[in-house]
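Any read-out appearing in this document is the output of simple, stated calculations on the displayed coordinates, not a laboratory observation. Predicted model only: the values in this text are computed from it and were never measured. Heads up, the Cβs are rebuilt from the backbone with ideal geometry, glycines too, and the neighbour counts pull from every protein chain shown.
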């Protein structure tokens with residue numbers, strides 16, 4: 001089996017006395033679309049911040065290409081973070097810059113890119129996400145779906161092997177959300193990019209996920225493929241995929 005790109009082992013973290021993540025362990029393989037799912041407050045976004053190196057755990061480890069993120073000093077962590085792409089839920093674009101300037105910024109500041117090539121690379125990244133004509137527009141002039149695409153283009157600016165995507169379909173209508181799902185599949189096929197995506201959108205999960213990880217109250221309750229999820233009778237997993245209210249769990253526990 002191919003060596004894992006991300007290895008998470010017995011991850012525990014607290015906010016004050018509250019244990020947010022409780023013994024979380026899993027692997028992410030190169031080139032897969034790995035989706036993290038679960039109800040509100042289950043620890044999804046906290047887990048993503050740990051994998052980006054934005055938070056340090058109470059205990060446990062996260063290895064990226066074999067290196068434990070928590071052991072990296074500030075300089076090494078910065079180098080690691082520049083090797084990954086992060087597409088924020090809000091797109092994370094600077095409103096005072098044009099779309100093209102937003103995408104060029106990481107190339108100018110962190111990439112060893114010939115300045116004369118940056119404009120060409122910006123146009124190429126925008127063409128990948130279907131925004132060839134948006135280079136000189138301001139983020140405020142774009143629709144929500146276009147801003148998501150521009151955020152993904154910036155996340156891909158330095159050709160990362162791994163991209164983190166937080167709630168990519170949040171706030172989008174079904175047509176825009178479907179277009180973004182197709183774009184993620186396209187990026188995987190063209191660039192062999194590994195995606196780790198936090199989401200609760202069932203249609204997106206069913207369309208693009210290679211494997212899913214489900215969290216509940218900070219613990220892993222399931223990790224596997226969609227086929228494995230469909231055959232699984234874990235109540236919380238069934239509740240999520242069948243869109244059942246909390247009474248569903250109580251009833252299952254009585255059966």
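If both residues of a DSSP beta bridge must be in the chain, then about 55% of such bridges are antiparallel.
The convex hull drawn around the Cα atoms of the chain, when projected onto a plane and averaged over every direction, covers 15.1 nm². Dividing the mean sequence gap of close Cα pairs (under 8 Å, 6+ apart) by how many residues the chain holds gives a relative contact order of 25 percent. A P(r) calculated from all alpha carbon pairs of segment 93-160, with 5 Å bins opening at zero, reads 4, 21, 35, 24, 13, 3, 0 percent. In terms of its C-alpha gyration tensor, segment 39-177 comes out oblate, because a/c is 1.5 or above while a/b does not outweigh b/c. Each of 50, 120, 82 has some number of other Cβ atoms within 10 Å of its Cβ, and from fewest to most they run 120, 82, 50. Across segment 151-255, the relative contact order, built from alpha-carbon pairs under 8 Å that are at least six residues apart, equals 19 percent.
In the chain, helical runs assigned H by DSSP with n ≥ 4 each contribute -39500 (n - 2.57); averaged across all residues and rounded to the nearest 500, the mean residue ellipticity at 222 nm is -11500 deg cm²/dmol. Segment 150-255 has equivalent-ellipsoid semi-axes of 30, 15, 12 Å, by the square roots of 5 times the alpha carbon gyration tensor eigenvalues, sorted largest first. Taking the fewest neighbouring Cβ atoms within 10 Å as the starting point, the ordered list for 227, 22, 216 is 227, 22, 216. By the count of neighbouring beta-carbon atoms within 10 Å, fewest first, 186, 148 end up ordered 186, 148.
Look at where the Cα atoms of segment 76-153 and of segment 161-187 average out, and the two centres are 16 Å apart. Percent of Cα pairs in segment 52-99 per distance bin of 10 Å, from zero to the largest separation: 22, 43, 25, 10, 0.
Within the listed set 175, 84, 12, the residue fluctuating most in the Gaussian network model of the chain (springs between alpha-carbon atoms under 10 angstrom) is 175. How many angstrom lie between the C-alpha centres of segment 19-34 and segment 49-68? The two parts, judged by their Cα centres, are 11 Å apart.
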